[in-house]
Each structure stands twice: as C-alpha cells, then as structure tokens.
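Note sheet for the following structure.
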Amino acid sequence: QDPGVSRGFAMSRRPGILAAGRLFARDIKLAHSVFALPFALASAWLVHRARPVPWTDWLAVLVAMVGARSSAMGFNRIADRRIDARNPRTRGRAVASGALPLGQAWAWTLASTVVFLAAAAFLGPLPLALSPVVIAVLWGYSLTKRFTALCHLVLGLALGLAPPAVEVALAGRPGAPGLLLGGAVLCWVAGFDVLYALQDRDFDARAGLRSIPVALGERGALRVSRLLHLLAAGLLAALPLAAPLGWPYLLAWLAVAGALVWEHSLVRPGDLSRLDQAFFAANGYVALALLAGVVAGSLAA
C-alpha cells in the first residue's frame with residue numbers, strides 16, 4: 001500500500017478541534033476532578049473563614065485545579081501511550097489507540113497547562129513562581145512506575161499538594177489545616193491507587209513496570225492500602241485541632257471512615273470484580289463528605 005495514501009487516509013480521519021477536545025476530556029476522565037477538588041475547596045473555605053476570599057479567587061482556584069489535573073492526565077496519556085496500547089485494559093484509550101492524534105493530545109495538554117499557569121498568575125506572583133514545581137511533580141508522576149514501586153505515593157503527593165497550595169495562593173503561606181488536608185489526600189489517593197493497580201499487576205510484572213501490587217502481591221498490597229487509609233483517617237481526625245470545626249465535621253469524618261471501610265470490603269484477594277465500584281463510588285463519597293463536613297463544621301463552631 002502506498003504510504004502517501006495511508007497518511008492521507010489518516011489525515012482525513014483527524015478529529016476537529018472540538019471533537020478532539022471531547023476525546024481528550026473523555027480520555028483524561030475529566031469528571032474525576034471531583035476526587036481532589038473538594039479537598040482544595042475545603043482548604044479555601046477554611047482560609048475564607050479567617051479572611052474573606054473574593055469570588056474571583058474562588059473561580060481562579062477552581063480553574064487552576066481543573067487545568068492542573070487536565071495537564072497531568074494529558075501528559076500521562078502521552079507518556080504511557082505505548083504501554084497503554086499493549087495493556088488489554090487500556091488499549092482503547094484515545095491516545096493509545098490513535099483515535100486522538102499525538103499532536104492534538106499535546107495541544108490540549110499544553111493548553112491545559114497554560115490555563116493552570118494563567119490561573120496561578122491571577123492569584124499572585126508567588127503562586128505563579130511555584131507553578132513550575134507543581135507541573136514538574138504532576139508530570140513526573142507518570143514516569144515513576146518505570147523505576148519505583150512507590151509511584152502510588154508520588155501520585156498522592158501530586159494531588160496532596162492542592163490544599164497547602166490553595167493556602168499559599170490565598171493566604172501567602174501554608175498552614176496546619178492545609179498540611180493536614182494535604183497529608184490526608186496523599187495517603188488517601190496512594191491507598192486507592194494501590195487498589196486500582198491490582199488489576200494491572202500481571203501486565204505490569206510482564207512489562208517490567210513497578211508497583212506495590214507487583215512488589216508485594218495482592219495480600220501485601222491490600223495491607224499497604226489499608227494502612228494508608230488508616231493514616232488518612234487519622235490525619236482528618238486531627239483537623240479540628242488546627243481549625244475550628246464543630247460537631248457536623250465529626251459526622252462527616254464518620255461517613256468518610258465508613259466509606260473507606262466499605263471500599264476495602266469490596267476488594268478481596270482473588271476477587272477484583274467490584275474494584276470499579278470501590279474506586280468510583282467510595283472515593284467520590286469520601287471527597288464530597290469531607291467538603292460538606294468542613295463547611296458545616298466551621299459554621300457550627
């Protein structure tokens with residue numbers, strides 16, 4: 001077959017800019033921004049209770065969070081495209097399958113990065129100066145599974161930066177509430193990422209990729225995940241020591257702890273059939289319950 005004809009056929013199937021945007025949003029699972037965003041908003045709310053935050057800054061925090069996550073996930077899909085194409089679970093992803101051409105994937109990833117940088121610049125010179133460090137951590141995570149089983153902790157760090165970063169952006173420095181929330185996010189995200197990686201354990205081992213499930217097996221990975229979630233619950237339990245939070249926060253904390261227990265009840269050695277339910281449902285409840293508890297608890301304090 002004439003290579004020129006093949007290239008012409010491929011070009012004729014290139015999606016338009018809006019179609020590419022929809023493919024990009026679907027590939028990066030834009031809706032999953034709900035996992036980390038409530039923790040950032042909880043941090044912003046606690047700053048707001050001490051010093052009113054203008055609505056424009058609230059909007060900038062929201063835009064920065066979505067832009068940063070979209071940039072990170074876009075780079076992840078680009079960096080892992082060849083790995084994803086070999087993995088039966090991920091070969092249908094838009095970048096891995098070629099449905100979203102690499103150039104367009106880069107365009108949307110860089111556009112998301114610019115959105116994040118613009119939001120950081122709006123929030124002030126310090127957030128803008130620190131934004132390259134944030135991008136380095138967010139993009140760097142995608143490379144870590146090639147050389148360390150602790151990649152889950154790096155992902156946790158990437159999302160856990162959000163609460164203290166919000167404090168820096170709105171108050172000029174990180175405080176104890178943001179650091180506690182950030183530590184809780186780190187442990188929570190790393191814990192559920194260990195669970196999620198269980199489904200790729202065999203493929204990762206064959207491909208020479210590192211993860212806690214590969215290093216420790218199913219039972220060991222489940223123990224590590226439980227420990228991380230126990231640490232997350234402990235850090236969230238300590239939050240009222242750093243911020244004025246009334247009884248509604250205790251109810252929210254109990255709901256969060258209950259959701260984590262439920263999550264682990266759904267995943268057992270040799271039975272990953274309910275893993276998606278554990279990942280999407282339980283973790284969505286955790287994030288939203290925490291935000292509701294912080295808002296209601298601060299109003300009741």
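Which pairs have Cβ atoms under 8 Å, sit 6 or more apart or on different chains, and link a residue in segment 74-92 that is farther than 14 Å from Asp27 by Cβ to one that is in a loop (DSSP other than H, G, I, E, B)?
Taking only residues 6 or more apart or on different chains, the pairs are Ile83/Thr90; Ile83/Leu209.
Conditions tested, residue by residue: (1) open to solvent by less than 50 Å² (accessible area, probe 1.4 Å); (2) of a type in the set (A, V, I, L, M); (3) assigned to a helix (DSSP H, G or I).
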{"residue": "Ile78", "(1), (2), (3)": "yes, yes, yes"}
{"residue": "Asp84", "(1), (2), (3)": "yes, no, yes"}
{"residue": "Val133", "(1), (2), (3)": "no, yes, yes"}
{"residue": "Leu153", "(1), (2), (3)": "no, yes, yes"}
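Can you pull out every residue in segment 232-267 that is touching a residue at least 40 places away in the same chain (Cβ under 8 Å), more than 28 Å from Leu299 (Cβ to Cβ) and open to solvent by 20 Å² or more (accessible area, probe 1.4 Å)?
Answer for segment 232-267, where residues must be touching a residue at least 40 places away in the same chain (Cβ under 8 Å), more than 28 Å from Leu299 (Cβ to Cβ) and open to solvent by 20 Å² or more (accessible area, probe 1.4 Å): just His264.
Give Ala31, Ala44 a once-over and let me know the one that is in a helix (DSSP H, G or I), closer than 22 Å to Tyr285 by Cα and at pLDDT below 95.
Ala31
Criterion first (farther than 18 Å from Asn283 by Cα, over 24 Å from the mean Cα position of the chain (by Cα) and either modelled with pLDDT of 95 or more or open to solvent by less than 40 Å² (accessible area, probe 1.4 Å) (or both)) does Pro213 satisfy it? Walk me through how you get there before you give the answer.
Values: farther than 18 Å from Asn283 by Cα: yes; over 24 Å from the mean Cα position of the chain (by Cα): no; either modelled with pLDDT of 95 or more or open to solvent by less than 40 Å² (accessible area, probe 1.4 Å) (or both): yes.
No; evaluated as a whole, the condition is false for this residue.
Mind telling me which of the residues Ser112, Ser43, Ser33 ends up being among the hydroxyl-bearing types (Ser, Thr, Tyr) and touching a Pro at 6+ places or on another chain (Cβ under 9 Å)? If you could, list the steps in order and put the result at the bottom.
Details: Ser112 fails: touching a Pro at 6+ places or on another chain (Cβ under 9 Å); Ser33 fails: touching a Pro at 6+ places or on another chain (Cβ under 9 Å).
After ruling out the rest, the residue left standing is Ser43.
Kindly list the number of the only condition in (1) assigned to a helix (DSSP H, G or I); (2) aliphatic (A, V, I, L, M); (3) open to solvent by 20 Å² or more (accessible area, probe 1.4 Å) that fails for Ala184.
Tallying (1) assigned to a helix (DSSP H, G or I); (2) aliphatic (A, V, I, L, M); (3) open to solvent by 20 Å² or more (accessible area, probe 1.4 Å), Ala184 fails exactly one: (3).
Does Ala60 fit the bill of being surrounded by 18 or more Cβ atoms within 10 Å (Cβ to Cβ) and not aromatic (Phe, Trp, Tyr)?
Here the answer is yes, as Ala60 does meet what is asked.
Condition first: open to solvent by 50 Å² or more (accessible area, probe 1.4 Å), in contact with a Gly (Cβ under 9 Å, 6 or more places away or on another chain) and part of a helix (DSSP H, G or I). Can you find one or more residues in segment 270-292 that meet it?
yes
The values are calculated or read from the model by the stated rules, or taken from the named source; none is laboratory data. This one's a predicted model, so the numbers in the text were calculated from it and none came from an experiment. When we count neighbours, we look across all protein chains shown, and the Cβ atoms used for this are built from the backbone with ideal geometry, even at glycine. Each accessible area value is taken on the protein alone, full model and side chains, heavy atoms only, with ligands, DNA and RNA left out. Shrake-Rupley method; radii C 1.70, N 1.55, O 1.52, S 1.80 Å.
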